[in-house]
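Derivation of every value follows stated rules applied to the coordinates shown; laboratory data play no part. As the structure is a computational prediction, the values presented were derived from the model and not from experiment. Neighbour counts are summed over all protein chains in view; Cβ atoms, including those assigned to glycine, are modelled from backbone coordinates with ideal geometry.
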Amino acid sequence: MYHKSKGYRVFYGLNIVFLILISLMCIFPLIHVLAVSFSSASAAAANLVTLWPVDFTLKSYEETLSNSKFLDALLISVVRVALVLSLGMIVTVLTAYPLSKFNLKGGKWLAWFFVVTMLFNGGLIPGYILILELGIMNTLWALILPNIVNVYNIILMLNFFRNIPRELEEAALIDGAGQLVTLFRVYLPVSLPSIATIALFIAVQQWNSWFDGLIYLSDTSIWPLSTLLQNLLIAPDLTNNAIDSETLAQMSEKTIRASQIFIGALPILIVYPFLQRFFVKGIVLGAVKE
Amino acid sequence: MNKGHSVLYFMLIPGIVLVLIFNYLPMGGLVLAFQNYKPWLGIFGSDWVGMEHFRALFSREDSLQVIWNTFVIAGMKIIVGLVVPVLFAILLNEIRQMGLKRAVQTLVYLPHFMSWVILGGILLDLLSSRGLFNDVILPMFGIGPIPFLTDGDWFRFVVIASDTWKEFGFSTIVFLASLAGINPALYEAAEVDGATRFKQTLHITLPSMVPIIVVVGTLSLGSILNAGFDQIFNLYNALVYDKGDIIDTYVYRVGILSSQFSFASAVGLFKSVIGFILIVIAYRLAYKFANYRIF
């Protein structure tokens, strides 16, 4: 038994210590930010804070949460996630269901019609010009419409549907149910875990999206939170500030930045436990499909 | 023809319409790489210039540098991003306390879901000249300030290290799954023969992982031109353009910020075509050697 050998037991102990250290390293930056956000501005500026708040205060959160620009952006982000999530889920299911049928005439070609877009795309500039020509520049639609179809999610859903026993569909069809009824009364109820997985993927992805807001919306009052955060946290170092300097100075203190970072990351941290229950299964089922 | 199949085609209409507009139309829009596109003239009114922008792409010093940077950064990310998760999965697989194993997994998967805006904001704070690293942590070891974000070579190191930090945990998932699939009888037989755990790892575990390593490695070749726009854009600055600027950030600055739409489209088209060829080759190889298919 190798478990009993002395060498292995030494290795095992060291391995545990090593893995714990690595795990802590993965959340160290978040803990640090959390500690800074609850510390006094002077302690943070003097780099006295590492993993525990110094001179505990809630001041940075009070300021961030009383900033109307921040709250507006928060609301826009919620609207964006809600719209892309609901429209995206509907289209994903409606598209994946027919494509999952092996006996659909031309189904293979239709599936490739979608998959090709994963292999080749027009890139940034033609996409930008399309938004311009569609006349949805500077509207929230520019952030919503292009994101409704996500071929990766469709393929994932398609593979989930294919794992459902065919007998279920056949039984429903023999009972005289149409395809629509079969989809909504037979397939969807048994696919709830996969639907939850994809819904969480969409929500996280849309919450984190920032670049489209930056290039499509010149009106900063309809920026989603990620775009606003990008401008507050990153862009001050550059010269393309879209926010007036007074607001910027007010928001740029280290502790306030930390509270903004933490609030921006909070929704992800909240859904993460639910996410974790599903994604491992989803990833392994879809193998490395991307 | 099966009864009720027409409704199946109707279901596909919303998806097809959206893909046509938002994915296929921009592909057609790539013709502006061969034009001198002016927004006020439109695609149909702008002059045709043939391959001029591509000649510029391969003769301009900055664009050649950017292509090279992209290869170097993406290549390093692929190699490190393959080795680290494999080793980590093997080490994690040794753990027999399931609670500890789950806790480690929970923590190492987390950074994958954070956006580069959040992580970039944190890293810029930590690594700046007055940040926690240069002001507190490095002095403890007697190391002077390191120009993490202002020196090109250090910047590349930061990019590859932070990308590994963010993604290695998530990448272990497939490897852990393959480890769970190894036949225990193999280990039992080795045990009887008196093989140490290290020998077992070398002669059973690693060879069993070869197929999945080949699949992951081949498929990641398709992203040799994706050096990570979100990450670089949120970490870089003009001081590190020489070593840190990549195709995607270059296209953004040249195309959107300086409105050279046609030249930027040409750069983008070059990237898309190379990427397409590599992905197709990668999928064919993965299919041939490991019977991997998308659907």
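Numbers for the structure displayed
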read-out	value
Mean separation of Cα contacts under 8 Å (6+ apart) over length of chain B, as relative contact order %	27 percent
Shielding by partners, peptide B:286-292 (average Cβ within 10 angstrom, other chains)	1
Given A:Lys4/B:Lys199; A:Lys254/B:Lys101; B:Lys243/B:Lys271; A:Lys101/B:Lys271; B:Lys101/B:Lys288; A:Lys6/B:Lys199, the pairs whose alpha carbons are separated by over 24 Å	A:Lys254/B:Lys101; A:Lys101/B:Lys271; B:Lys101/B:Lys288
Net length gained if the chain between B:Val17 and B:Asn291 were fully extended (0.36 nm per residue, minus Cα distance)	95.4 nm
Part-to-part distance (alpha-carbon centres) for region A:175-190 and region B:251-277, which is given in Å	46 Å
Tilt relative to chain A, helix A:107-119 - C-alpha long axis, 0 to 90 degrees, to 10	20 degrees
10 Å Cβ neighbours from other chains, averaged over peptide A:173-185	2
Region B:164-295, relative contact order in percent, only Cα pairs under 8 angstrom and at least six apart counted	26 percent
With Cα atoms, 0 to 90° folded angle of helix A:68-99 axis to chain A main axis	20 degrees
Cα shape, region A:85-189, gyration tensor, a/c 1.5 rule	prolate
Prolate/oblate/rounded call for the protein assembly as shown, Cα gyration tensor, a/c under 1.5 rounded	rounded
Whole-angstrom gap from region A:92-167 to region B:145-167, using each part's C-alpha centre	35 Å
DSSP H segments from chain B that extend 24 Å or more along their own axis, Cα-based, with Kyte-Doolittle mean of 0.0 or above	B:61-94, B:152-180, B:261-290
Cα→Cβ-extended label distance, 7 Å offset, between B:His112 and A:Leu269, nm	2.1 nm
Degrees separating the helix A:192-208 axis from the principal Cα axis of chain A, which is the longest one	40 degrees
For residues of B:176-187, the mean tally of beta carbons on other chains within 10 Å	1
Interchain or long-range residues, amide H under 5 Å from B:Gln35's placed H	B:Val49
Cα point-scatterer Debye curve for region B:33-139, base-10 log of I(q)/I(0) at q = 0.16, 0.23 Å⁻¹	-1.02, -1.17
Eligible lysines near B:Lys166 by straight Cα distance, threshold 18 Å, same-chain separation 8 or greater	B:Lys77
Contour minus Cα-Cα distance for B:Asp151 and B:Met51 (0.36 nm per residue)	32.4 nm
Region A:60-285 - percent relative contact order, Cα under 8 Å, separation 6 or more	32 percent
Estimated inter-spin distance, A:Ser86 and B:Ala161, nm [label 7 Å along Cα→Cβ]	4.7 nm
B:Ala238-A:Met137 pseudo-label distance in nm [points 7 Å out on the Cα-to-Cβ vector]	2.6 nm
Per-residue [θ]222 nm for chain A (sum of -39500 (n - 2.57) over DSSP H runs n ≥ 4, rounded to 500)	-22000 deg cm²/dmol
Spatial separation of Cα centroids for region B:21-83 and region B:208-250, in angstrom	17 Å
Order by protection proxy (mean Cβ within 10 Å, highest first), peptides B:44-57, B:67-80, A:256-269, B:96-109	A:256-269, B:67-80, B:96-109, B:44-57
